[in-house]
Amino acid sequence: MSDEQNICPKCNSPYAYPDRLLWICPECTHEWVPEQASDTPSEDAPRFLDANGTPLRDGDTVTTIKDLKAGKDTMKLGTKVKNIKLLDDLVNGHDISCKIPGFGAMYLKCSVVKKA
Ligand SMILES: [Zn+2]
């Protein structure tokens, strides 16, 4: 709990104390409900993180971090993938849609790429 909570918003007394859900100031008898902790995750917290934990966005360029099967072929580690599209709904567990020259339209996972 941060020290700031002890400060009365009315008289700035630093001696406020918590009583159940309320905070009470012994100097001016002001009572108040503390603000919700602001470190709760926001709704737009990044969902799409690459292998390094870097957030990815639509249109990003990424490179693959390992060899990936692409039909009969293998897409080599380090293949550059431009203009990715992030999928809100997974497709067979994949969350990136993209087109790769020589391979065509493909699905990838954020966990096997890193932001270029
Ligand atoms: Zn006070």
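The values are calculated or read from the model by the stated rules, or taken from the named source; none is laboratory data. Keep in mind that what you see is a predicted model, and the values were worked out from it rather than measured. With ideal geometry, Cβ positions are generated from the backbone for all residues, glycine too; neighbour counts draw on all protein chains shown. Protein only, heavy atoms only, side chains kept; ligands, DNA and RNA dropped before computing areas. Shrake-Rupley method; radii C 1.70, N 1.55, O 1.52, S 1.80 Å.
Close Cβ contacts (under 6 Å, 6 or more residues apart or on different chains) running from residues in region 79-100 that are more than 12 Å from Thr61 (Cα to Cα) and at pLDDT 90 or above to residues that are open to solvent by less than 40 Å² (accessible area, probe 1.4 Å) and among the charged types (D, E, K, R) comprise Leu87/Asp95. Just the residues that are hydrophobic (A, V, I, L, M, F, W, C), within 23 Å of Pro46 (Cβ to Cβ) and in a loop (DSSP other than H, G, I, E, B), please, taken from region 58-116. Listed by number, the residues that qualify are Ile65, Ile84, Ala116.
When region 1-60 is filtered for residues that are of a type in the set (Asp, Glu), at pLDDT 95 or above and more than 16 Å from the ligand (Cβ to nearest atom), the ones remaining, listed by number, are Asp50, Asp58, Asp60.
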